[in-house]
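Below is one structure, written out as structure tokens, with a few remarks after it.
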Amino acid sequence: MLMNCNRVGLWVLALVTSLCAIVATTSAQGSDQVGSPTPEPMLTEQERAEASSLLKVMDAALSGESVPSDIRADVNLEFLRAQEGQVYVPFTLRLNPATVGQSVTVYVRLVTTGMVLTPPVAPESAETGTERVLPEPPSYPFEDVHFIDLRLAEDGDYVVQRAFAASAGSYDLYIGIKDSELVETEFEEIRWGVIKRTVEVPDLWSGQLTTSSIFVTDRVETIPTPLSPEQQRSDPYAIGSARLVLRDTLEYSKTDSLSFLFFIYNPRLIESKPNVTVEYHFHQRTVSGEEFFNSTTPQNLSAETLPPQLDMTAGHQLSAGQNIPLSAFPNGIFRLEIKITDNELATSISRDVTFTVVGS
């Protein structure tokens with residue numbers, strides 16, 4: 001059974017050009033920082049103190065010491081190809097409001113997997129007649145600090161969105177969080193938290209057919225004016241002239257629509273155009289296992305259907321997506337299988353999205 005649906009659209013030109021510029025800025029912010037980054041001139045004295053205080057906790061965590069866990073948080077990451085072998089990684093940090101106030105300092109540090117920070121050894125006394133040179137402070141693939149006023153998501157969590165950039169590889173991501181509203185006194189302790197996640201940044205430049213993350217959206221907003229680099233730091237899902245507003249939950253009612261988009265990388269080109277087919281198959285979880293439910297009309301992305309100005313040899317990227325009303329779906333858990341086929345290479349890959357339909 002085939003379903004008709006509305007396409008989200010092919011975000012192929014201005015969006016991708018801006019994405020490359022965004023990631024170049026994001027990467028530069030982290031690549032030159034080492035050890036304790038020098039606070040930027042625009043930081044207030046209070047912000048400098050906040051960053052310095054949280055840095056000590058970050059170093060302790062990287063040294064393998066026991067660190068505070070007062071704040072409950074989780075993180076979700078997405079991956080997009082950027083430029084010069086880099087991957088742009090916007091992420092959403094969700095904080096339990098019962099464990100933190102509305103103003104926080106967030107320290108983001110990306111390190112090579114397994115790295116442990118070794119405290120420097122002090123120089124020997126001059127009485128020994130020898131001098132020991134202190135090692136250079138370590139450098140990190142990415143490091144940044146943010147001062148944030150939190151907002152509540154629909155599900156009641158506080159939500160923070162930021163980004164980093166890195167080459168493909170395995171990393172440990174440390175995110176330190178400090179409640180900026182609490183001041184340590186004799187009767188009140190500062191609330192802290194450090195979360196650590198192992199991150200496998202995929203190789204989106206290998207030449208093999210692959211995709212970005214699947215962005216499940218609540219809506220896509222138009223941005224009338226390009227963002228400044230500082231605005232981009234706090235608005236990482238703003239890409240070119242569009243802002244991707246991600247959905248807070250993958251639980252839907254029948255009056256909702258499932259909307260998503262993604263980028264397709266490394267198809268074989270005929271001149272400057274790909275020849276790719278994208279299929280969307282829905283499977284429902286039942287008591288006896290998983291059963292096929294329905295499909296939408298396949299999308300053909302080729303010279304016959306794509307805009308004439310699309311030139312993938314010039315760095316334009318290929319995207320696809322759907323906006324699927326769920327009124328015909330029964331209550332239950334579904335798996336959307338997205339199958340991408342490069343017709344020139346006769347090669348296919350699949351991506352999955354699991355979601356739930358409830359109520360009327």
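First measure r as the distance between the Cβ atoms of Asp248 and Thr297, then evaluate 1/(1 + (r/R0)^6) with R0 = 25 Å and state the FRET efficiency to the nearest 0.05.
With R0 = 25 Å, the Cβ-Cβ based efficiency is 0.30.
Can you pull the percent of segment 65-112's accessible area that's carbon plus sulfur, 1.4 Å probe, other chains left in place? Before the final figure, lay out each step's value.
Numbers: 670 of 1740 Å².
The C+S portion of the solvent-accessible surface of segment 65-112 is 39 percent.
Among rounded, prolate and oblate, which fits segment 145-224 when a ≥ b ≥ c are the square roots of the eigenvalues of its C-alpha gyration tensor, a/c under 1.5 means rounded, and a/b larger than b/c means prolate?
It comes out oblate by the Cα gyration axes.
Hey, any idea what % of segment 195-300's accessible area is carbon plus sulfur with a 1.4 Å probe? Walk me through the intermediate numbers first.
Values: 2380 of 4980 Å².
Summing carbon and sulfur atoms, their accessible area is 48 percent of the total for segment 195-300.
On the principal axes of its Cα set, how long, how wide and how thick is segment 166-276? Give whole Å, largest value first.
70, 40, 34
How long are the three semi-axes of the equivalent ellipsoid of segment 257-313, in whole Å, if each is the root of 5 times an eigenvalue of the C-alpha gyration tensor, listed from largest down?
32, 11, 10
Sort segment 246-360 into rounded, prolate or oblate with this rule: let a ≥ b ≥ c be the square roots of the eigenvalues of the Cα gyration tensor; rounded if a/c is under 1.5, and if a/c is not under 1.5, prolate when a/b is larger than b/c, oblate otherwise.
Prolate, because a/c is 1.5 or more and a/b exceeds b/c.
Do any trypsin sites (Lys or Arg not before Pro) in segment 190-291 lie in a DSSP loop with no more than 10 other beta carbon atoms within 10 Å, and if so, which?
Within segment 190-291, no trypsin sites (Lys or Arg not before Pro) qualify (loop, at most 10 other Cβ atoms within 10 Å).
In terms of modelled amide H atoms, which long-range or inter-chain residues lie less than 5 Å from the amide H of Phe142?
Leu110
Below 8 Å between Cα atoms, with a sequence gap of 6+, how large is the relative contact order for segment 269-343 in percent?
About 47 percent, as a whole number.
Give me the one-decimal nm value for the distance between modelled label points at Arg197 and Ser213, 7 Å along each residue's Cα-to-Cβ direction.
It works out to 0.7 nm between the two label points.
What accessible area per residue comes out for segment 243-297, rounded to a whole number of Å², with a 1.4 Å probe? Display every interim value, and only then the final one.
On the way: 2450 Å² over 55 residues.
Value returned for segment 243-297: 45 Å² of accessible area per residue.
GluC sites (Glu not before Pro), restricted to segment 158-254: which are DSSP loop and have at most 13 other Cβ atoms within 10 Å? Working shown, then result.
Values: sites: Glu181, Glu184, Glu186, Glu188, Glu189, Glu200, Glu221, Glu230, Glu251; in loops: Glu181, Glu184, Glu186, Glu188, Glu189.
Passing sites in segment 158-254 are Glu181, Glu184, Glu186, Glu188, Glu189.
GluC sites (Glu not before Pro), restricted to segment 46-112: which are DSSP loop and have at most 14 other Cβ atoms within 10 Å?
Passing both the DSSP loop test and the Cβ count: Glu65, Glu84.
Which lysines, if any, have their Cα less than 17 Å from the Cα of Lys178, not counting same-chain residues under 8 positions apart?
Of all the lysines, those that pass the test against Lys178 - Cα under 17 Å, at least 8 places apart if same chain - are Lys56, Lys196.
Per residue of segment 219-235, in order, report the coupling 6.51 cos²θ - 1.76 cosθ + 1.60 (Karplus, θ = phi - 60°) as ³J(HN,Hα) in whole Hz, putting x for Gly and Pro.
These are the phi-based 3J(HN,Hα) values: 6, 10, 9, 7, 9, x, 10, x, 7, 6, x, 5, 5, 5, 4, 9, 9 Hz.
Full-extension gain between Leu345 and Glu221, please, as 0.36 nm times their residue separation minus the C-alpha to C-alpha distance.
Length gained between Leu345 and Glu221: 41.1 nm.
The values are calculated or read from the model by the stated rules, or taken from the named source; none is laboratory data. The structure displayed is predicted, hence computed values, not measured ones. Cβ atoms come from the backbone with ideal geometry, glycine included; neighbour counts cover every protein chain shown. Surface accessibility is based on the protein's heavy atoms, side chains included, excluding ligands, DNA and RNA. Shrake-Rupley method; radii C 1.70, N 1.55, O 1.52, S 1.80 Å.
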